[in-house]
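Enquirer: One structure, pasted below without further comment.
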Amino acid sequence: MLVYVARRLAQVVPLLAVVTLAVFFALRLAPYDFVDSITTPNMTAEHVAIVRSRYGLDDPAWLQYLRWLGRVVQGDLGYSLASQHSIAADLAQRLPNTIVLVLPAYLTALILAIALGLVAAARHGRPLDRLIDTIGAVGIAMPPFWFALLLIYLFGYFLGLFPIIGMHTVGDRGLPDLLRHLFLPYLVLVVAFFPDLTRYVRSSAISQLDEDYVTVQRAFGASDAQLFRRHVSRNVLLPVVTQIGLALPMLVTGAVITETVFSWPGVGTYFLQGARALDYPVILAVLLLSATLVMVGNLLADVLYVVVDPRVRLGKTAT
Amino acid sequence: MTARPNHARGAIGVLVFLALVSLAAPLLPLDPTTIDLTRRSQAPGPAHWFGTDDLGRDYLARVVYGGRVSLLVGALAMVTATTIGTLIGLLAGLGRPWVDNLLMRLVDFLSSIPWLVLVIVASVLLRPGLIMIVAIIGGFSWMTTARLVRAEILSVKQRAYVGYAVHIGQPLPILVARHIVPAIVPVVLITATATVSAAMLTEASLSFLGLGVQAPQTSWGQLLQTAQGSLQRQPYLALIPGLAIIATVMSCNALGNSLRHTFLREAP
């Protein structure tokens, strides 16, 4: 097991190098760069050149890349060109904000999806199943930011119940205030996450119903309730566990649009700001972080699967 | 979505209606561009069914013309992604092992960056016009198609009739045209409907973030971005384009499910 994890991690490193390399050079190919966004047309060419060299942007691209990579390996993500802040410090400040929003929303969506998916499967083809299916179909087709606008209008403007911007009221750092700010974006994310998960649970549960053990249990006179509680739900949870691993990157980039609509000070708004300004250290840092999480998440999914399902063993071929 | 024939009929009805309105828009008495400051921000009424926006432009016309762009982007991005995905899938499925390996690593690589992040970076870099948006969305949406086409080919290759065809010495082009291509058509069609949906939602997101369709051109996502500013006074400006997106995407998905049901005899 440990050998397997180590080998998989060893594969992650070159892939990350390729990801960063590709993005780094893609950023160099842009017809304009960060300097264009802070200089004005009435500056002299020399002035612009001085600005460019001060940021190290007149060095050859490969040198800039190596310099960046060398610092990243030491855990230094560099400095934002626009704000001069340390990116690692900025991320350390913003990452918890995103996690506090995404994690509860994802867990709620997951629990909701397991419940709805199992109920739908148990009532397969009947009105309740169709209802859940239709809700899911609408949810999948709905742009999350549109749902956010509806909620902002309804709860923010019309009813005046919840704040619609930011994370805290100025001067109020209390938990109740945070929860009030959290509510609307949280709701948007739950609605954005649960339809796909519900379908996944439902179709896994339905496919379980064709298994021999279900026939056997039925033959012994098990009721549907017993069958679902004791057998089907346990088997459905196996693939669901792997979904948790695959969801890991969402902790960073799962809420870019939702954060933007609600001006939530998380990684999503930070990334979007950086991307707009072509602030390449920021773009690279967020890409590196999220690509790492995708790969670690995939690994985690595989490992979790082995942990929960003793039938699966990682052989030498399982790479 | 439970795939029943009347569902598919409803979905096709919605899509045909939208396509007809979009194609016929220049013939209809609709004017999305004339600014009339005496009719700013009017509520829906007989003269302006969907009201007017803050520059006094007829909102029904804006929605119809926005839909033209949204649907066009969705359709063209789908064509781009499906073409690339099918070709890569064919190459990977039929090519030598090293080609297959290389292409699948490329798919893994592109899939290892969260998709929205990838698309945002690309659109910031390429300051998009309409063609660029299509290229970005289409160029990053082909991975699923490629994977599925490849998987389908690998399974077709195992079937006895393909084995016989190889055995009697059928040349490769004929083999591909007669046996491989027909086998992958259902997968390609089904994935294509999902790709249209995904492309339209992506265009809406990008335009909403201000990175997609730019004024004076408009799309449903761009209308939503504008509507955000007057949400408190005119919530219906946000409501309408959103409903249009949902109706279109739901119809595409229902059509895809119906195709899956028909071709693959898969239980709903």
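Enquirer: Output the 0 to 90 degree angle, nearest 10, between the alpha-carbon long axis of helix B:59-94 and the longest principal axis computed from the alpha carbons of chain B.
Expert: Taking the Cα atoms of chain B, the angle to B:59-94 is about 10 degrees.
Enquirer: Project the alpha carbons of chain A onto their principal axes and report the range along each, largest first, in whole Å.
Expert: Dimensions of chain A along the principal axes of its Cα atoms: 87, 60, 35 Å.
Enquirer: Another one. On each of the three principal axes of the Cα atoms of the range B:5-68, give max minus min coordinate, whole Å, ordered largest first.
Expert: Largest to smallest, the principal-axis extents are 49, 22, 17 Å.
Enquirer: As a check on your grasp of the helix formula, calculate [θ] at 222 nm for chain B: sum -39500 (n - 2.57) over DSSP H runs of n ≥ 4, divide by the residue count, round to the nearest 500.
Expert: Numbers: 11 runs with 186 residues, N = 268.
Mean residue ellipticity, 222 nm, calculated: -23000 deg cm²/dmol.
Enquirer: Calculated FRET efficiency, residue B:160 and residue B:263, Cβ-Cβ r, R0 35 Å, to nearest 0.05? Mind showing how you got there, number by number?
Expert: Numbers: r = 21 Å, r/R0 = 0.60.
Efficiency, from the Cβ-Cβ distance: 0.95.
Enquirer: Between the alpha-carbon centers of the range A:209-281 and the range B:55-93, tell me the distance in whole angstrom.
Expert: That distance is 29 Å.
Enquirer: Could you work out the longest stretch of chain A that avoids the trypsin sites (Lys or Arg not before Pro) located in DSSP loops with at most 12 other Cβ atoms within 10 Å? Can you show the working numbers first?
Expert: Details: sites that count: A:173, A:311, A:313, A:316.
Formally, the longest exposed-site-free interval is A:1-172.
Enquirer: According to a simple spin-label model (label point 7 Å from Cα along Cα-to-Cβ), what is the distance in nm between residue A:225 and residue A:40?
Expert: My value for the distance between the label points is 7.5 nm.
Enquirer: May I ask you to compute the full-extension gain from residue B:24 to residue B:228, defined as 0.36 nm times their residue separation minus their alpha-carbon distance, rounded to one decimal in nm? Mind dumping the intermediate values first?
Expert: Numbers: separation 204, 0.36 × 204 = 73.44 nm, distance 2.88 nm.
That pair, residue B:24 and residue B:228, stretches by 70.6 nm at full extension.
Enquirer: Give me D for chain B in µm² s⁻¹, whole number, from Stokes-Einstein with Rh from the Kirkwood sum over alpha-carbon pairs, 37 °C and 0.692 mPa s.
Expert: Working: Rh = 20.5 Å.
Roughly 160 µm²/s, to the nearest whole number.
Enquirer: What is the spin-label model distance, in nm, from residue A:28 to residue A:92 if the labels are put 7 Å beyond Cα along the C-beta direction?
Expert: Using points 7 Å along Cα→Cβ, the separation is 3.1 nm.
Enquirer: Kirkwood-based Rg over Rh for the range A:170-241 (C-alpha set), two decimals?
Expert: On the way: Rg = 19.7 Å, Rh = 15.2 Å.
A ratio of 1.30.
Enquirer: Further question: About its Cα centre, what dipole magnitude does the range A:37-110 give when the only charges are +1 on Lys and Arg Cβ and -1 on Asp and Glu Cβ, stated in debye to the nearest 20? Don't jump to the answer; show the numbers that get you there.
Expert: Details: 5 positive and 5 negative charges, 22 e Å.
So the dipole magnitude of the range A:37-110 works out to roughly 100 debye.
Enquirer: Please give, to one decimal in nm, the separation of the simple spin-label points placed at residue B:214 and residue B:109, each 7 Å out from Cα toward the Cβ.
Expert: Going from the residue B:214 label point to the residue B:109 one covers 3.0 nm.
Enquirer: As an exercise, identify the trypsin sites (Lys or Arg not before Pro) in the range B:227-268 lying in DSSP coil whose Cβ has no more than 16 other Cβ atoms within 10 Å. The partial results should precede the final answer.
Expert: On the way: sites: B:233, B:260, B:265; in loops: B:233, B:265.
Answer by residue number: B:233, B:265.
Enquirer: For the residues A:129, B:100, A:58, what sequence is obtained by ranking on other C-beta atoms within 10 Å, fewest first? Intermediate results must be reported in sequence, preceding the final value.
Expert: Numbers: A:129 20, B:100 16, A:58 13.
In order of increasing Cβ crowding within 10 Å: A:58, B:100, A:129.
Enquirer: Going through the DSSP H helices of chain A, which span 24 Å or more along their own axis at the Cα atoms while scoring at least 1.6 as a mean Kyte-Doolittle hydropathy? Write out the running numbers ahead of the final one.
Expert: On the way: long enough: A:2-29 (41 Å, 1.79); A:87-122 (49 Å, 1.71); A:175-208 (45 Å, 0.76); A:280-308 (41 Å, 2.16).
Span-like helices in chain A: A:2-29, A:87-122, A:280-308.
Enquirer: Name all residues of the range A:223-245 having a backbone nitrogen under 16 Å from the label point set 7 Å from the Cα of residue A:196 along its Cα→Cβ direction, giving them as ranges.
Expert: In the range A:223-245, the label zone of residue A:196 (backbone N under 16 Å from the point 7 Å along Cα→Cβ) covers A:240-245.
Enquirer: Take every Cα pair under 8 Å in chain A that's 6+ residues apart, average their separations, divide by the length, and report that relative contact order as a whole percent.
Expert: On the way: 324 pairs, mean separation 84.8, N = 319.
This gives 27 percent for chain A.
Enquirer: Suppose R0 equals 56 Å. What FRET efficiency, 1/(1 + (r/R0)^6) with r the Cβ-Cβ distance, do residue B:99 and residue A:218 give to the nearest 0.05? Walk me through the intermediate numbers first.
Expert: Details: r = 49 Å, r/R0 = 0.87.
That gives a FRET efficiency of 0.70.
Enquirer: Before rounding to the nearest 500, sum -39500 (n - 2.57) across all DSSP H runs of length at least 4 in chain A and divide by the residue total; then give [θ] at 222 nm in deg cm²/dmol. Intermediate results must be reported in sequence, preceding the final value.
Expert: Values: 15 runs with 224 residues, N = 319.
Using -39500 (n - 2.57) per qualifying helix, the result is -23000 deg cm²/dmol.
Enquirer: Now for a different question. May I ask you to compute the full-extension gain from residue A:1 to residue A:128, defined as 0.36 nm times their residue separation minus their alpha-carbon distance, rounded to one decimal in nm? It would help to have the intermediate numbers written out before the result.
Expert: Numbers: separation 127, 0.36 × 127 = 45.72 nm, distance 4.31 nm.
Stretched out fully, the residue A:1 to residue A:128 stretch lengthens by 41.4 nm.
Enquirer: Also: Rounded, prolate or oblate: pick one for the protein assembly as shown, where a ≥ b ≥ c are the square roots of the eigenvalues of its C-alpha gyration tensor, a/c under 1.5 means rounded, and failing that, prolate if a/b is larger than b/c, else oblate.
Expert: Numbers: a/c = 1.34, a/b = 1.15, b/c = 1.16.
The shape class here is rounded.
Every number in this text was worked out from the coordinates using simple rules, so none of it is lab data. Remember, predicted model here, so these are calculated numbers, not experimental data. Please note: Cβ atoms are built from the backbone with ideal geometry, for glycine as well, and neighbour counts cover all protein chains shown.
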